[in-house]
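Single-structure report; data block below.
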């Protein structure tokens, strides 16, 4: 079924390709999952949760997710700076897809 759809359409024009472009990379799905679990998370909390991620990579991923309107960045005007991240409505709608990936992984784990 999916093969027929891909054969008929240019792969770049598919919804599947668009979705992958939003969540591609090593850390984006984990960042989204973390925000789903903990609702509002600060930068250092995300870094601790992800363990082996550099500040630069985390920052870049967060900026991309924000640009794609999957997360919301809230900055508080205080010293020291305080920034929180949370899922946007659009990001929350993607959680059903990521949740199904988790369900499939649990059911098919070897």
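Each reported figure results from applying straightforward, stated rules to the coordinates on display, with no laboratory input. As the structure is a computational prediction, the values presented were derived from the model and not from experiment. Positions of Cβ are backbone-derived with ideal geometry, glycine not excepted, and every protein chain shown enters the neighbour counts.
What's the total number of residues in segment 30-45 that are touching a helix residue (DSSP H, G or I) at 6+ places or on another chain (Cβ under 8 Å), farther than 19 Å from residue 102 by Cβ and in contact (Cβ under 8 Å) with a residue 12 or more places away in the chain? Here the count works out to 1.
Which of (1) surrounded by 13 or more Cβ atoms within 10 Å (Cβ to Cβ); (2) over 19 Å from residue 20 (Cβ atoms); (3) touching a helix residue (DSSP H, G or I) at 6+ places or on another chain (Cβ under 8 Å) is the odd one out, the single condition residue 84 does not satisfy? It is condition (3) that residue 84 fails.
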